[in-house]
Amino acid sequence: EALKAKHLLINGKLSRYTYRNIAMMAIRADDFKWADYFTETYKDHLKKAELKSSYHLNKALIHYYKKELELARDNILEADFKDHLINLAAKNLQAKIYYELNEHMLLESHLDSMEMYIIRKKIIGYHRQNYKTFISYLRKMIRLQTFDIIKKEKLLSKIKSEDLLTEKAWFNAQLSQLKSF
């Protein structure tokens, strides 16, 4: 209703944050069709400078949550943000995609790049620790032997006890999928 009434537009434009948040609300409700409809219909309401990256981030999110990982990867590679926090969110999604596609060499390189980005960007405040922790645990998970149930349980326990880690549920899901012999 707010979209139809244009209450979410500022000077006729939709902010990239609102654009992503609305799509994520539909994705979390498992309404991928509407998320895609919204992404396509409202892309022209974005500022020209933000259109390509915001559009491709939304498409990547839709495909990721539909488990269409190759399409998610193709779209996330098109996103390049000047906004540091959205850029980090996109990099975070890209890391998860690489992990789930078992593209571990690409993932290692991506994590190195992501870590350097975090070091260089001093203005990201408390988000720095969240992303550093994400990188650290993801590296540990990559190196984890699937048959080592004790190390898997220890890692899962450490992750669950983290105060500042937004991806706990994702780590839990990934570690739960590792097969034990």
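The values are calculated or read from the model by the stated rules, or taken from the named source; none is laboratory data. Source: prediction; values computed, not measured. Positions of Cβ are backbone-derived with ideal geometry, glycine not excepted, and every protein chain shown enters the neighbour counts. Ligands, DNA and RNA are stripped out before the accessible areas are found, and what is left, the full protein with its side chains, is counted by its heavy atoms. Shrake-Rupley method; radii C 1.70, N 1.55, O 1.52, S 1.80 Å.
Among the residues of region 25-66, those that are farther than 19 Å from Ala89 by Cα, out of contact with any strand residue (DSSP E or B) (no Cβ under 9 Å at 6 or more places or on another chain) and aromatic (Phe, Trp, Tyr) comprise Phe32, Trp34, Tyr37, Phe38. Filtering region 44-63 to residues that are surrounded by fewer than 17 Cβ atoms within 10 Å (Cβ to Cβ) and in a helix (DSSP H, G or I) leaves Asp44, Lys48, Ala49, Leu51, Lys52. Selection over region 14-70 of residues that are touching a residue at least 60 places away in the same chain (Cβ under 8 Å) and basic (Lys, Arg) gives a count of 2.
Among the residues of region 10-43, those identified as open to solvent by 60 Å² or more (accessible area, probe 1.4 Å) and outside any helix (DSSP H, G or I) are Ile10, Asn11, Lys13, Ala29, Asp30, Asp31. For Ala5, the conditions (1) part of a helix (DSSP H, G or I); (2) open to solvent by 20 Å² or more (accessible area, probe 1.4 Å); (3) aliphatic (A, V, I, L, M) are fulfilled apart from (1). For region 15-50, give me each residue that is charged (D, E, K, R), farther than 15 Å from Lys66 by Cα and within 16 Å of the chain's Cα centre (by Cα). Matches in region 15-50: Arg16, Arg20.
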